[in-house]
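The values are calculated or read from the model by the stated rules, or taken from the named source; none is laboratory data. Computed from a predicted structure; not experimentally measured. Cβ: placed from backbone, ideal geometry, glycine included. Neighbour counts: every protein chain shown.
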Amino acid sequence: MYTHSDALTMLFGFLENLNALIKSVQEQQESAKKQAMDLYNLGEFTHAEAFLKIPACAGDAAAQFALGEIFRRRDKKVTDEKKRDKTVIEEAKKWYALAAAQNHVYALMRLADEDSLKNAKALAQTAADGGSGEAMLQMYELTNDIEWLKKSADANFQEGQYLLARRYDKDETLITDAVTRRTTVNTLLEKAANAGFSKAMLWYGNRPPVSNDKAAKRQWLEKRTQLNDVNAVLDYGYALAFDYTDEEDADEYGFERDVVKGYGLVWLVVDTTREFLQYDTARTNLEEIGKGMTAAQIQAAIAFAQEWKSIHVSMSEYRLTYNEDR
């Protein structure tokens, strides 16, 4: 016959096992979410979809929004209206709706019905009043009022600075004086670039006066590469691997050639991606680079790439959050 003490011991043992099980499930969900978001940020949407459904079904709003984005992008790829699959659009809306129910502002904006936009604006306004630069950018997206974009940039929100620079660059009526416009764009890009915004680094490094200075261009490419921006990693790999001395193409960076590191970085991009826009070209170039290498050099290059992967953040495209690249 069990004593009261025996029953309590069994109960505590059961609770400990239950807590351990709950912790294990939570850890698995977090691991799945990280893997899913890494794939999503890299643009590996097909591969990311299955992983995203684990945290999304568990109620994670960011994963739900990401799934909505995957299906929206899939629908956008179909240019022939007759071939569009309505189920894809409905699937996107389903995930947006689940994220929107948790007050995910971007999901509400994607739904774009009257009530959703009203709710998004109220949420963004409240956060903007509290000083959020991201919310100020959301208000810009909702109203197309450039004053909100200026406020976002003034709040040192890097994406806001980048988008304001792009707006000024595209619409010359906003700053009619060419010198002032160029200086303003450069200042915004420099701020965002120095704060670590990869797209700003790319643009700033390819605009005069920086673009006229090989040393400065090298530095900005190296900084983007350290962020593991997939495009930067590939460009850096090419810059190191190819011998430009007998080529018509100018060496725009002036790096000292290192075919082992160059091959390793291009190999890393090819090994990590499948849906990357430059994947096929990168694979072809990798084969070309490898023709002039020994087996030992290739082995060393792959070891370098694996070490690089272990000490850097996950590779990413560093896409804009909401505003399409155009």
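Hey, does the stretch 206-226 have a residue that's part of a helix (DSSP H, G or I), hydrophobic (A, V, I, L, M, F, W, C), in contact (Cβ under 8 Å) with a residue 24 or more places away in the chain and under 14 Å from Gly133 (Cβ atoms)? The answer is no, given that none of the residues of the stretch 206-226 is part of a helix (DSSP H, G or I), hydrophobic (A, V, I, L, M, F, W, C), in contact (Cβ under 8 Å) with a residue 24 or more places away in the chain and under 14 Å from Gly133 (Cβ atoms). Inclusion of Met10 among residues that are over 18 Å from the mean Cα position of the chain (by Cα), at negative phi and either at pLDDT 95 or above or in a helix (DSSP H, G or I) (or both) is warranted.
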